[in-house]
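Engineer: Got a structure for you, written out below as structure tokens; questions coming shortly.
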Amino acid sequence: MNGCGETRSASRSATSPPPRDSIVRGIADALLAVLLAPACASCGASLTSPTRGPVCRACWDAIPYFVPPLCARCGGQLPSWRVISVSSSTCARCRRRPSLLSECRAIGPYEGSLRGIVQALKYQGCRSLAGGLGLRLRDAAEDLLGRADIAVPVPLHSARQRSRGFNQAAELASQLGLPVVAALVRTRATPSQTDLPAARRHANVRGAFALRRRHAVRGLRVVVVDDVTTTGATLEACARVLIDAGATSVSAVTAARAVIRRLE
Ligand SMILES: [Zn+2]
Ligand SMILES: [Zn+2]
């Protein structure tokens, strides 16, 4: 069991259809709420329907979404005036920096309840949350996913995966309706990107990934999947390996995208 009361093999989706007998569910919810008093893994409020997953409905409903106009490259939100005043629909940061990634999409900014839900998936072991996040990511990235052949999760270093028990990127990838291919391996443990200033993140992950020999990506359109991106350094490092291995194109989807306001 983990912090969410899920077993390591649990993968029930927060959005899975309710059982036929909603009365039974209602009784189970009432009993669980009284006996265990479970708290929402995102906001900490008491769960009134714990059988529907470890995050409350209010948190799911409060997810901040990116809404068009979006940067054609990174998927970040553009000021609405930019579409009519600038010929290119890419953000200032993407115009400054070349990228190996053809396009990227995320559900929304790494803020509010989306941050809480991603952190509950990642740090509290709430694997079932990948279901609800995956559903929303499919909506946010429908076009991009339609242009991809396979989904490749960003790998964890083996030591980190052993201690966590799962890879949150692989959990998300399995929800996207594409064949999931664990084509990459992390060849060295790297300090968490979130602990580093933006300027050091590219160096931190350079050379940290390699292709698993038995997986061929030649001639395929690959979408790399991760939970959060900030500078894109990890996604770029993965794209480098996949393109060198012959992938036709590499795009990326993440549940959330940290908005670097000082660079926009
Ligand atoms: Zn909540
Ligand atoms: Zn951009």
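Engineer: Determine, yes or no, whether residue 118 is in contact with a helix residue (DSSP H, G or I) (Cβ under 9 Å, 6 or more places away or on another chain) and either closer than 22 Å to residue 143 by Cα or among the β-branched types (Val, Ile, Thr) (or both). Outline the logic, then answer.
Structural biologist: Details: in contact with a helix residue (DSSP H, G or I) (Cβ under 9 Å, 6 or more places away or on another chain): yes; either closer than 22 Å to residue 143 by Cα or among the β-branched types (Val, Ile, Thr) (or both): yes.
Spelling it out, residue 118 is indeed in contact with a helix residue (DSSP H, G or I) (Cβ under 9 Å, 6 or more places away or on another chain) and either closer than 22 Å to residue 143 by Cα or among the β-branched types (Val, Ile, Thr) (or both).
Engineer: Being of a type outside the set (Val, Ile, Thr) and surrounded by fewer than 18 Cβ atoms within 10 Å (Cβ to Cβ) is the filter; apply it to segment 175-195 and report the residue that is farthest from residue 221 (Cα to Cα). Quick ask: steps written out before the conclusion?
Structural biologist: Keep residues of segment 175-195 that are of a type outside the set (Val, Ile, Thr), which gives 175-179, 182-184, 186, 188-189, 191-193, 195.
So of that shortlist, the ones also surrounded by fewer than 18 Cβ atoms within 10 Å (Cβ to Cβ) come out as 177, 179, 182, 188-189, 191-192, 195.
Values: 177: 15, 179: 12, 182: 15, 188: 26, 189: 27, 191: 29, 192: 28, 195: 32 Å.
Checking each candidate, the answer is 195.
Engineer: Okay, moving on. Tell me yes or no: at least one residue of segment 101-120 is more than 19 Å from the chain's Cα centre (by Cα), within 11 Å of ligand 2 (Cβ to nearest atom) and of a type in the set (D, E, K, R).
Structural biologist: Step one: filter segment 101-120 for residues more than 19 Å from the chain's Cα centre (by Cα), giving none.
No, because not a single residue in segment 101-120 is more than 19 Å from the chain's Cα centre (by Cα), within 11 Å of ligand 2 (Cβ to nearest atom) and of a type in the set (D, E, K, R).
Engineer: Which numbered condition trips up residue 98, out of (1) open to solvent by 20 Å² or more (accessible area, probe 1.4 Å); (2) part of a helix (DSSP H, G or I); (3) not hydrophobic (A, V, I, L, M, F, W, C)?
Structural biologist: Failed condition: (2).
Engineer: Residues in segment 88-98: is at least one within 13 Å of ligand 2 (Cβ to nearest atom), under 17 Å from residue 228 (Cα atoms) and of a type outside the set (Phe, Trp, Tyr)?
Structural biologist: Step one: list which residues in segment 88-98 are within 13 Å of ligand 2 (Cβ to nearest atom), which gives 88-98.
Subsequent filtering for residues that are under 17 Å from residue 228 (Cα atoms) retains none.
For segment 88-98, residues within 13 Å of ligand 2 (Cβ to nearest atom), under 17 Å from residue 228 (Cα atoms) and of a type outside the set (Phe, Trp, Tyr): absent.
Engineer: Residue 115 is checked against (1) in contact (Cβ under 8 Å) with a residue 60 or more places away in the chain; (2) assigned to a loop (DSSP other than H, G, I, E, B) and fails just one. What number does that condition carry?
Structural biologist: Among (1) in contact (Cβ under 8 Å) with a residue 60 or more places away in the chain; (2) assigned to a loop (DSSP other than H, G, I, E, B), residue 115 violates only (2).
Engineer: How many of the residues making up segment 39-56 are within 10 Å of ligand 1 (Cβ to nearest atom), hydroxyl-bearing (Ser, Thr, Tyr) and surrounded by fewer than 16 Cβ atoms within 10 Å (Cβ to Cβ)? Spell out the reasoning first.
Structural biologist: Taking segment 39-56 as the starting set, the residues that turn out to be within 10 Å of ligand 1 (Cβ to nearest atom) are 39-47, 54-56.
Pick out the ones that are also hydroxyl-bearing (Ser, Thr, Tyr) and you get 42, 46.
The next check asks that each one be surrounded by fewer than 16 Cβ atoms within 10 Å (Cβ to Cβ); those that pass are 46.
Of the residues in segment 39-56, 1 are within 10 Å of ligand 1 (Cβ to nearest atom), hydroxyl-bearing (Ser, Thr, Tyr) and surrounded by fewer than 16 Cβ atoms within 10 Å (Cβ to Cβ).
Engineer: Next question. Among the residues of segment 210-231, which ones are open to solvent by 10 Å² or more (accessible area, probe 1.4 Å) and either within 30 Å of residue 197 (Cβ to Cβ) or assigned to a strand (DSSP E or B) (or both)? Can you show your working first?
Structural biologist: Going through segment 210-231, the residues open to solvent by 10 Å² or more (accessible area, probe 1.4 Å) turn out to be 210-216, 218-221, 226, 228-231.
If the condition is that a residue be open to solvent by 10 Å² or more (accessible area, probe 1.4 Å) and either within 30 Å of residue 197 (Cβ to Cβ) or assigned to a strand (DSSP E or B) (or both), then 210, 211, 221, 226, 228, 229, 230, 231 are the ones that fit.
Engineer: Out of 15, 90, I need the residue that is away from ligand 1 (no atom under 15 Å from the Cβ) and modelled with pLDDT of 85 or more. Which one?
Structural biologist: Numbers: 15 fails: modelled with pLDDT of 85 or more.
Being away from ligand 1 (no atom under 15 Å from the Cβ) and modelled with pLDDT of 85 or more holds for just one of 15, 90, which is 90.
Engineer: Report, by residue number, each residue of segment 138-159 that is modelled with pLDDT under 95 and among the small types (Gly, Ala, Ser).
Structural biologist: 158, 159
Engineer: Scan segment 118-164 for residues that are part of a loop (DSSP other than H, G, I, E, B) and open to solvent by 40 Å² or more (accessible area, probe 1.4 Å) and report the count. Steps first, answer last, please.
Structural biologist: Of segment 118-164, the ones part of a loop (DSSP other than H, G, I, E, B) are 124-128, 141, 147-149, 154-157.
Add one more test, that the residue is open to solvent by 40 Å² or more (accessible area, probe 1.4 Å), and what stays is 124, 127, 147, 149, 157.
Looking only at that region, the number is 5.
Engineer: May I ask you to list the residues in segment 57-81 that are within 16 Å of ligand 2 (Cβ to nearest atom), open to solvent by 20 Å² or more (accessible area, probe 1.4 Å) and either among the aliphatic types (A, V, I, L, M) or over 26 Å from residue 231 (Cα atoms) (or both)?
Structural biologist: 67, 70, 72
Engineer: Yes or no: residue 170 in contact with an Asp or Glu (Cβ under 6 Å, 6 or more places away or on another chain) and under 24 Å from residue 66 (Cα atoms)? I'd like the intermediate steps shown before the answer.
Structural biologist: Details: in contact with an Asp or Glu (Cβ under 6 Å, 6 or more places away or on another chain): no; under 24 Å from residue 66 (Cα atoms): yes.
Considered against the rule, which asks whether it is in contact with an Asp or Glu (Cβ under 6 Å, 6 or more places away or on another chain) and under 24 Å from residue 66 (Cα atoms), residue 170 comes out as no.
The values are calculated or read from the model by the stated rules, or taken from the named source; none is laboratory data. Since the structure is predicted, the reported quantities are computational estimates derived from the model, not experimental observations. Please note: Cβ atoms are built from the backbone with ideal geometry, for glycine as well, and neighbour counts cover all protein chains shown. Surface accessibility is based on the protein's heavy atoms, side chains included, excluding ligands, DNA and RNA. Shrake-Rupley method; radii C 1.70, N 1.55, O 1.52, S 1.80 Å.
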